[in-house]
Amino acid sequence: MTASALLQLERICKTYPGRPRAAVDQISLELVSGEILGLLGPSGCGKTSLLRLIAGFIAPDQGCIRLGDRILAEGRSTLAPEQRQIGMVFQDYALFPHLSVLDNVGFGLRGRQARDRSLEVLELVGLAALARHFPHELSGGQQQRVALARALAPAPPLILLDEPLSNLDVQVRLELREKMRRILMQAGATAILVTHDQEEAMAICDRVAVMREGRIEQLDCPELLYSQPATRFVAEFVTQANFLRLQSRGEGQVSTALGEFRLPENCPLGPDSALMLRQEDVQLIADPQGTVVIQDRQFLGREHRYFLDLGQGEELQVLAAAQRGLAIGSRVRLRLYPGAPLLFPQRLPLEPLTPELTLQP
């Protein structure tokens, strides 16, 4: 365990009875004090199981969990949740309906300072004025902030957040994710957030662990996850990137449904090689003579997502500003931003051999 690490997981495994595959499979990671870590992945990837192992709700089959200088679990020997001094924020708030906001936050605190500490964290989350209200008098976003204040009140070394925003409507979720990061940072809290929402993880967390089938595919800061995905799963799940087939033309050239490209030097194609293109790296130009047809479009507010038929059984998804929508069935030409197409998995830029495919910076 490094000197700065607050939490350390060493080769944690968990398999549920009757299931052939491990829910958590040989996971090791470290979390430093003051860091917010995201566990991101689709349903069934093991992120909630990993959170429950850290919280002590379930015991690992093997591996070690350390928090500071204490061992929370080693093999099947494990401390009970109430002995771990870990704060927990649940998806459904879990507030006591018969207690006021102040009493909910102070539940479990002891001594004369309990009321002062409860008011302090309510001030931190912006709800001190509602201290005497009851949960049913609050909005969903306010209730979740009360739940966060309750988790912060005992000043635990670690806070676990289990999809805390998933029960909220879109606008409230967007507002609260900004407030949640600010609150955690102001409190100096160390936290782990479980979510299946890519934008939520990238907006709130300092680092994000992308999980798949019980394993961590990549653990990086949000910028690196987006710009340098380590696996095709990460690229598809985090960036929703397009992948197009490549066919070698010899002499360092490949052809795709978009046209021909020059390979980087000394970079042979492998069986899994593909052209990776993010949805925002393409410009659509209306052209009745264009060879690409818009099959469908989705209005997303500030932008449209277009579904393009490239022929050869391949489709391309493109995000474009919504000021001037292009009609379904219309023909377009495509232009790519320099460096946008990447040879995956090497993540090296491909140079278009067709001049009109490249946009000037």
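Residue-wise test of (1) open to solvent by 40 Å² or more (accessible area, probe 1.4 Å); (2) farther than 19 Å from ARG150 by Cβ; (3) of a type in the set (Ser, Thr, Tyr).
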position	(1), (2), (3)
ILE65	no, yes, no
GLY75	no, yes, no
THR78	yes, yes, yes
MET88	no, no, no
ASP92	yes, no, no
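Any residue that is among the aliphatic types (A, V, I, L, M) and at pLDDT below 90 - is there at least one of those in the range 119-135? Checking the range 119-135: not a single residue is among the aliphatic types (A, V, I, L, M) and at pLDDT below 90. For the range 5-32, residues that are open to solvent by 50 Å² or more (accessible area, probe 1.4 Å) and over 18 Å from LEU219 (Cα atoms) total 7. For the range 182-215, the set of residues classified as assigned to a loop (DSSP other than H, G, I, E, B) and surrounded by fewer than 20 Cβ atoms within 10 Å (Cβ to Cβ) consists of GLY188, HIS196, ASP197, ASP206, GLU213, listed by residue number. Kindly indicate whether any position in the range 267-277 is at pLDDT below 90 and open to solvent by less than 30 Å² (accessible area, probe 1.4 Å). Checked the range 267-277: at least one residue is at pLDDT below 90 and open to solvent by less than 30 Å² (accessible area, probe 1.4 Å). Scanning the range 27-65 for residues that are under 15 Å from the mean Cα position of the chain (by Cα) and basic (Lys, Arg) yields a count of 1. Considering (1) closer than 30 Å to ALA201 by Cα; (2) free of Cβ contacts under 8 Å to residues at least 60 places away in the same chain, the lone condition that ARG232 does not fulfil carries the number (2).
Scanning the range 131-146 for residues that are open to solvent by 40 Å² or more (accessible area, probe 1.4 Å) and in a helix (DSSP H, G or I) yields HIS136, GLU137, GLN142.
Restricting attention to the range 207-226 and to residues that are hydrophobic (A, V, I, L, M, F, W, C) and in contact with a Lys or Arg (Cβ under 7 Å, 6 or more places away or on another chain), the residue that is nearest to LEU29 (Cα to Cα) turns out to be LEU219.
Among the residues of the range 33-45, write down those that are surrounded by 16 or more Cβ atoms within 10 Å (Cβ to Cβ) and closer than 20 Å to ARG84 by Cβ. Hits for the range 33-45 are GLU35, ILE36, LEU37, LEU39.
When the test is whether a residue is more than 30 Å from PRO271 (Cα to Cα), open to solvent by less than 40 Å² (accessible area, probe 1.4 Å), part of a strand (DSSP E or B) and in contact (Cβ under 8 Å) with a residue 60 or more places away in the chain, LEU161 passes it. Please count how many residues of the range 221-261 are at negative phi, open to solvent by 20 Å² or more (accessible area, probe 1.4 Å) and of a type outside the set (Gly, Ala, Ser). The number of residues fulfilling the criteria is 18.
Here PHE96 clears all of (1) crowded, with 20+ Cβ neighbours inside 10 Å; (2) at pLDDT below 95 except the condition numbered (1).
Conditions (1) open to solvent by 30 Å² or more (accessible area, probe 1.4 Å); (2) of a type in the set (A, V, I, L, M), marked per residue:
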residue: GLN289; (1), (2): yes, no
residue: VAL292; (1), (2): no, yes
residue: PHE299; (1), (2): yes, no
residue: GLU303; (1), (2): yes, no
residue: ALA327; (1), (2): yes, yes
residue: ARG347; (1), (2): yes, no
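No other residue among GLN283, GLN218 is crowded, with 18+ Cβ neighbours inside 10 Å and either of a type in the set (Phe, Trp, Tyr) or outside any loop (DSSP other than H, G, I, E, B) (or both) apart from GLN218. Within the range 109-135, residues that are without any contact (Cβ under 8 Å) to a residue 24 or more places away in the chain have Cβ atoms under 9 Å from residues that are of a type in the set (Lys, Arg) and open to solvent by 100 Å² or more (accessible area, probe 1.4 Å) in no pair, counting only partners at least 6 apart in sequence or on another chain. So which residues in the range 232-252 are over 15 Å from the mean Cα position of the chain (by Cα) and farther than 17 Å from ALA340 by Cα, if there are any at all? If the condition is that a residue be over 15 Å from the mean Cα position of the chain (by Cα) and farther than 17 Å from ALA340 by Cα, then GLN247, SER248, ARG249, GLY250, GLU251, GLY252 are the ones that fit. Of the residues ARG215, ARG245, the single one that is touching a Gly at 6+ places or on another chain (Cβ under 8 Å) and either in contact (Cβ under 8 Å) with a residue 60 or more places away in the chain or hydroxyl-bearing (Ser, Thr, Tyr) (or both) is ARG215.
Could you figure out which of (1) within 21 Å of SER227 (Cβ to Cβ); (2) open to solvent by less than 30 Å² (accessible area, probe 1.4 Å); (3) modelled with pLDDT of 90 or more; (4) not small (Gly, Ala, Ser) isn't true of GLN317? Evaluating GLN317 over (1) within 21 Å of SER227 (Cβ to Cβ); (2) open to solvent by less than 30 Å² (accessible area, probe 1.4 Å); (3) modelled with pLDDT of 90 or more; (4) not small (Gly, Ala, Ser) leaves (2) as the failure.
The values are calculated or read from the model by the stated rules, or taken from the named source; none is laboratory data. The model shown is predicted, which means the values in this text are computed figures rather than measured ones. Don't worry about glycine lacking a Cβ; one is built from the backbone with ideal geometry, like all the others, and counts go over all protein chains shown. Only protein heavy atoms, including side chains, enter the accessible area calculation; ligands, DNA and RNA are left aside. Shrake-Rupley method; radii C 1.70, N 1.55, O 1.52, S 1.80 Å.
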